[in-house]
Amino acid sequence: MNERHPLANSALEQTIDKILNQTEKEISSNIESALTDSYQTLDDSVPKLEQEYDKIVADGKKEADKIEKQIMGSSDIEARNKHLMALEEAVDKVFTQALDQIANTDRSGDYSNLIKSLLDESTKILGTTEVVVFTNAKDKDAVQSALPNYPGSELSSETIDCLGGVKIQSKDGTMTFDNTIDARIERLKPLIRKEIAAKFGVSN
Amino acid sequence: MSAEGGVQYSKIAEIKGPLVIVDDVDNAAFDELVEVETKDGERRLGKVLEVGNGKAIVQVFEGTTGLSISGTNAKFVGKVMEMPVSKEVLGRVFDGLGRPKDGLPDPIADKFIDINGEPMNPEQREYPKDFIQTGVSVIDGLMTLVRGQKLPIFSGSGMSHNLLAAQIARQASVVGTDDDFAVVFAAIGVQYSEAEYFRRSLEESGALKRSVLFLNTADDPAIERIITPRVALTVAEYLAFELGMHVLVVITDMTNYAEALREISAAREEVPGRKGYPGYLYTDLSTLYERAGKLNGKKGSVTQVPILSMPSDDITHPIPDLTGYITEGQIVVGRDLFRQGVYPPINILMSLSRLMKDGIGEGSTREDHGEISNQVYDAYSRAQEVRALAGIVGKAGLTEIDLKYLDLGDTFEKEFLTQATDENRTIEETLTLMWKIVSKLPKNEITKIKDKYVEQYYKEE
């Protein structure tokens, strides 16, 4: 084996050291610059990230608001509908009871005055007393006794199905006016419903 | 309402189209409500169109199919047609005549109001100047709707106007105030699927509780269509002027209304006007459109967005033509944009809101709104010219600035105009988008905006 000259060894070592140092410096500088670059990239991406984050949060909030509105809206409507149905049921009960009471009203006393006023109103609206009068079986007597006040009028032998009151028809059959209690209630039903609802504490 | 009226006549002289002519009638009044009873006891509603010489001409809303001269009776009710109104109508669905269609009972009425409305005293009218946000960028940004305005949408057959109508109804709101807001939606002669879409769309978005729907479907009698907008506007007026709410009335499709009017006019053998529509079409339409407005001393307002489909996309057709004379601007839905798949396909160059200038700017939307809007209009108009030029000389023949305008036109349609049907944009978002579009141009091309706003909002790409 050849032995190297001591000077040659030292020069080699120095060269190696130099290269090592240079490489180390280069690597350190590269690492530093990479670090700086990565910090820079990180810094640059922060506002973008914040923007993105804000957008996601805003979108999420919008979506949450939308869902909240949907849930609130449908539950409000559902509650309101149940309330309406309950109210209608109560109003119907009141109506049914009232109609029962009217149907069973005592036909004596003031009732004949009611029949008279219904006949007055009906003949006035048709503009003639030359009429045929229809009524139910219960009111027949009361109507019959009032008819002499209306010259030309006659009571039909047919009876009609109603709670009470009269239905009159001109003798030529072209005009009819329904003044039965049923028809009057039907005409005024929306107002009566409002009154009943008000009694239940429902007002608009 | 009283117990008066109610005389029933059985002498029917003639049945002609939707009309029934009743003989030997003494005390009928013009516009009086009539109940026509068929042989089978079925009842249909109608109203008196003419009286005189012992005859009354009755227009039957539900049509005269199945009626015969013998056995038909006409009961004159003694009052005009009225709509029961109360706050309870909110969240309800009615048919074209104002009868419940949601399986619930009739609303308990606070009042019964004549559906023909009361004419507004012109002296009492207040100039509309408050912004309504629809959440649709192209409307809010470029043709802003203000409270009390009547701004129609002119569309064409098969286009997406009904989607837009539903989106406006769902999203519309008043900003910067705690005042109550309501939407009255009247669908006239729409398909069943569309009616169902409107109902479901409002229900699922939670907007139904502040809305009232009137649905007259295509299979309902055409004559009912005369009544639908009137009952809707009656409810709107009550909510606005009695309860102090800001009410947006969306009516679709007014063309079906005008056709029903033509049907009655033809049956009455009136002298036809343009395209067979009656000569009084303008007057009749104005009795509906003029029910929009604000009144001095009253808190609420009625704003109308009537939608009409132009037959053959013809803007000179009598319906859009006469509508345009009465209303305060128009939003035109464009066939080209629709074919490109743009939604909402609004042609901004043909559209205009005449009252926009008073409803925007500092204190309403934002100080730069008017100027940015003018600049966008100007730039898009130039983009269209450049597109036409590019069609002839090709892109290679365009200058650098022309190419920027071309790019602006594309961005405008893709990012600003195009919007999802469930996307509700705030006015701030809309204005930001408008600045994004304008920022595609170099600063020296921005000639309609003050420098201070350019400095503040311009962001060069």
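Enumerate the calculated ³J(HN,Hα) couplings along the stretch B:189-200 in order (Karplus 6.51 cos²θ - 1.76 cosθ + 1.60, θ = phi - 60°), each rounded to whole Hz, writing x wherever the residue is Gly or Pro.
Karplus values, whole Hz, x for Gly and Pro: x, 8, 5, 4, 5, 5, 4, 5, 5, 4, 5, 5.
Would you mind giving the mean number of other chain beta-carbons within 10 Å of the Cβ of each residue in A:175-181, as a whole number? Each step should come with its number before you reach the end.
Working: counts 8, 7, 5, 4, 2, 0, 0.
Mean partner shielding for this stretch: 4.
Let's test the formula: R0 of 60 Å, r as the Cβ-Cβ distance of residue B:339 and residue A:108. What FRET efficiency results, to the nearest 0.05? Can you show the working numbers first?
Working: r = 82 Å, r/R0 = 1.36.
Plugging the Cβ-Cβ distance into 1/(1 + (r/R0)^6) gives 0.15.
Evaluated at 4 °C with a viscosity of 1.567 mPa s, what Stokes-Einstein diffusion coefficient in µm²/s does the stretch A:58-204 have when Rh comes from the Kirkwood expression over alpha-carbon pairs? Intermediate results must be reported in sequence, preceding the final value.
Working: Rh = 18.7 Å.
So the translational diffusion coefficient is about 69 µm²/s.
Once the Cα atoms of the stretch A:17-138 are picked out, what are the Rg and Dmax in Å?
44.8, 138
Could you compute how much accessible area chains A and B hide from each other, both sides summed, with a 1.4 Å probe? Nearest 100 Å² is fine. Show your work: numbers first, answer last.
Working: alone 15470 and 19440 Å², together 31920 Å².
The A and B chains share an interface burying roughly 3000 Å².
Can you tell me, using C-alpha contacts under 8 Å and at least 6 residues apart, the relative contact order of chain B as a whole percent? Don't skip to the end; give the middle numbers.
Working: 979 pairs, mean separation 75.2, N = 461.
That works out to 16 percent.
If you roll a 1.4 Å probe over chain B with all protein chains in place, what percent of the accessible area is carbon or sulfur? Don't skip to the answer; put the middle values down first.
Values: 8560 of 17950 Å².
Roughly 48 percent, rounded to a whole number.
When only DSSP loop residues count, what trypsin sites (Lys or Arg not before Pro) in the stretch A:149-204 have their Cβ near at most 15 other Cβ atoms within 10 Å? Could the numbers behind the result be given before it?
Working: sites: A:167, A:171, A:184, A:187, A:193, A:194, A:199; in loops: A:171.
Taking the stretch A:149-204 and a limit of 15 other Cβ atoms within 10 Å, the loop trypsin sites (Lys or Arg not before Pro) found are A:171.
Using θ = phi - 60° and the Karplus relation 6.51 cos²θ - 1.76 cosθ + 1.60, list the HN-Hα couplings for the stretch B:272-282 in order, rounded to whole Hz, with x at every Gly or Pro.
These are the phi-based 3J(HN,Hα) values: x, x, 4, 6, x, 6, x, x, 8, 4, 4 Hz.
Over all alpha-carbon pairs in the stretch A:53-95, figure out the percentage whose distance exceeds 14 Å.
Numbers: 585 of 903 pairs.
Cα-Cα pairs of the stretch A:53-95 separated by over 14 Å account for 65 percent.
Between residue A:34 and residue B:362, what is the label-to-label distance in nm when each label sits 7 Å out along the Cα-to-Cβ direction?
According to this spin-label approximation, the distance is 5.6 nm.
Given the -39500 (n - 2.57) contribution per DSSP H run of 4+ residues, what per-residue ellipticity at 222 nm results for the protein assembly as shown, rounded to the nearest 500 deg cm²/dmol?
Details: 17 runs with 277 residues, N = 665.
Per the formula, -14000 deg cm²/dmol.
Enter the accessible area per residue of the stretch A:125-204 (Å², integer; probe 1.4 Å; all protein chains in place). Don't skip to the answer; put the middle values down first.
Numbers: 3930 Å² over 80 residues.
For the stretch A:125-204, the solvent-accessible area averages 49 Å² per residue.
Tally up the carbon and sulfur contribution to the accessible surface of the stretch A:44-99 as a whole percent, 1.4 Å probe, everything protein left in place. Walk me through the numbers before you get to the answer.
Numbers: 2620 of 4230 Å².
Ligands and nucleic acids excluded, carbon and sulfur reach 62 percent.
Using square roots of five times the C-alpha gyration tensor eigenvalues, list the equivalent-ellipsoid semi-axes of the stretch B:82-134 in whole Å, biggest first.
On the way: eigenvalues 151, 56, 20 Å².
In descending order, the three semi-axes are 28, 17, 10 Å.
Taking each pair of different alpha-carbon atoms in the stretch B:174-265 once, compute 1/r for the pair, average those values, and report the inverse of that mean as the Kirkwood hydrodynamic radius in Å to one decimal.
Values: mean 1/r = 0.0721 Å⁻¹.
About 13.9 Å for the stretch B:174-265.
Could you give the size of the charge dipole of the stretch B:1-140 about its Cα centre, using +1 on the Cβ of each K and R and -1 on the Cβ of each D and E, expressed in debye and rounded to the nearest 20?
Values: 16 positive and 25 negative charges, 57 e Å.
Here the stretch B:1-140 has a charge dipole of around 280 debye.
Output needed for the stretch B:239-330: three equivalent-ellipsoid semi-axes, defined as square roots of 5 times the C-alpha gyration tensor eigenvalues, in descending order, whole Å. Provide the component values of the computation, followed by the final result.
Details: eigenvalues 161, 42, 24 Å².
Computed over the stretch B:239-330, the values are 28, 14, 11 Å.
List the residues of the stretch B:198-244 whose accessible area drops by at least 50 Å² when all protein chains are present, compared with their chain alone, using a 1.4 Å probe and counting only protein heavy atoms.
Those residues are B:209.
Dipole size in debye (nearest 20) for the protein assembly as shown around its Cα centre, Lys and Arg Cβ +1, Asp and Glu Cβ -1? Display every interim value, and only then the final one.
Working: 76 positive and 108 negative charges, 207 e Å.
Using only the charged Cβ atoms, the result is roughly 1000 debye.
Given H placed on each backbone N at 1.01 Å, which residues far from residue B:126 in sequence or on other chains put an amide H within less than 5 Å of it?
Answer set, sorted by chain and number: B:294, B:295, B:296.
Dividing the alpha-carbon radius of gyration of the stretch B:8-57 by 2.2 N^0.38 Å (N being the number of residues), what value is obtained? Spell out each step's value before the answer.
Values: Rg = 10.2 Å, N = 50, 2.2 N^0.38 = 9.7 Å.
It is 1.05.
Picking from A:94, A:183, A:147, whose Cα lies most toward the positive end of the charge dipole for chain A (charges on Cβ: Lys, Arg +1; Asp, Glu -1)?
Of A:94, A:183, A:147, it is A:147.
Evaluate the Kirkwood expression for the hydrodynamic radius of the stretch B:108-239, namely the inverse of the mean inverse distance over all pairs of different C-alpha atoms, and round to one decimal in Å.
Numbers: mean 1/r = 0.0611 Å⁻¹.
With all distinct Cα pairs of the stretch B:108-239 included, I get 16.4 Å.
What average number of partner chain Cβ atoms lie no more than 10 Å from the Cβ of the residues making up B:178-184? Please report the intermediate quantities before stating the final value.
Values: counts 0, 0, 0, 0, 0, 0, 0.
Taking the mean over all residues of the peptide, I get 0.
When ranked by the protection proxy of mean other Cβ atoms within 10 Å per residue, highest first, what sequence do the peptides B:100-107, B:145-152 form? Walk me through the numbers before you get to the answer.
Values: B:100-107: 16.4, B:145-152: 26.1.
Packing order, densest peptide first, comes out as B:145-152, B:100-107.
What Kirkwood hydrodynamic radius do you get for the stretch B:346-458 when you take the inverse of the mean 1/r over all pairs of distinct Cα atoms, in Å? All intermediate terms of the calculation are to be shown ahead of the outcome.
Values: mean 1/r = 0.0665 Å⁻¹.
With all distinct Cα pairs of the stretch B:346-458 included, I get 15.0 Å.
Rounded to the nearest whole Å³, what is the per residue volume of the convex hull around the Cα atoms of the stretch A:18-64? Mind dumping the intermediate values first?
Working: hull volume 2.0 nm³, N = 47.
Measuring per residue, one finds 43 Å³ for the Cα hull of the stretch A:18-64.
Per 10 Å bin, what is the whole-percent P(r) computed from every C-alpha pair distance within the protein assembly as shown?
So the P(r) values, bin by bin, are 3, 12, 19, 19, 15, 10, 7, 5, 3, 2, 1, 1, 1, 1, 0, 0, 0.
Can you pull the mean other chain C-beta count within 10 Å for peptide B:371-378? Don't skip to the end; give the middle numbers.
Numbers: counts 0, 0, 0, 0, 0, 0, 0, 0.
Across B:371-378, the average partner-chain Cβ count within 10 Å equals 0.
Compute the FRET efficiency between residue A:171 and residue B:286 as 1/(1 + (r/R0)^6), taking r as their Cβ-Cβ distance and R0 = 45 Å, and round to the nearest 0.05.
Values: r = 48 Å, r/R0 = 1.06.
The pair residue A:171/residue B:286 has a calculated efficiency of 0.40.
Which one, A:142, A:11, A:79, has the greatest fluctuation when you compute a Gaussian network model over chain A with C-alpha springs under 10 angstrom?
Comparing A:142, A:11, A:79 in a Gaussian network model of chain A, the most mobile one is A:11.
What's the Cα-based Rg to Rh of chain B, Rh via Kirkwood? Display every interim value, and only then the final one.
Working: Rg = 24.6 Å, Rh = 23.7 Å.
Rg/Rh for chain B comes to 1.04.
Between residue A:23 and residue B:460, take the C-beta separation as r, use R0 = 51 Å, and let me know the FRET efficiency to the nearest 0.05.
Working: r = 45 Å, r/R0 = 0.88.
For R0 = 51 Å, the calculated efficiency reads 0.70.
To the nearest 20 Debye, how big is the dipole of chain B about its Cα centre, given +1 on the beta carbon of each Lys and Arg and -1 on that of each Asp and Glu?
On the way: 51 positive and 71 negative charges, 76 e Å.
Dipole magnitude for chain B comes out near 360 debye.
To the nearest 10 degrees, how steeply does helix B:228-237 sit against the main Cα axis of chain B, on a 0 to 90 scale?
Taking the Cα atoms of chain B, the angle to B:228-237 is about 70 degrees.
Stokes-Einstein D for the stretch B:65-176 at 37 °C, 0.692 mPa s, Kirkwood Rh over Cα pairs, in µm²/s?
178
Rounded to the nearest 5, what is the percent of antiparallel bridges among the DSSP beta bridges in the protein assembly as shown?
On the way: 56 of 90 bridges.
So the antiparallel bridges in the protein assembly as shown amount to around 60 percent.
Could I have the simple spin-label model distance between residue B:29 and residue B:65, label points 7 Å from Cα toward Cβ, reported in nm to one decimal?
3.4
Hey, what D do you get for the stretch B:245-396 in µm²/s if you plug the Kirkwood alpha-carbon radius into Stokes-Einstein at 25 °C and 0.890 mPa s? Before the final figure, lay out the partial values.
On the way: Rh = 18.5 Å.
Value of D from the Cα-based Kirkwood radius: 133 µm²/s.
Calculate the all-directions average of the projected area of the stretch B:1-125's alpha-carbon convex hull, and give it in nm². Could the numbers behind the result be given before it?
Numbers: hull surface 40.1 nm².
One quarter of the hull surface, i.e. the mean projection, equals 10.0 nm².
The values are calculated or read from the model by the stated rules, or taken from the named source; none is laboratory data. These figures come from a predicted structure and were not determined experimentally. Neighbour counts are summed over all protein chains in view; Cβ atoms, including those assigned to glycine, are modelled from backbone coordinates with ideal geometry. Just the protein is used for accessible areas: all its heavy atoms, side chains included, with ligands, DNA and RNA removed. Shrake-Rupley method; radii C 1.70, N 1.55, O 1.52, S 1.80 Å.
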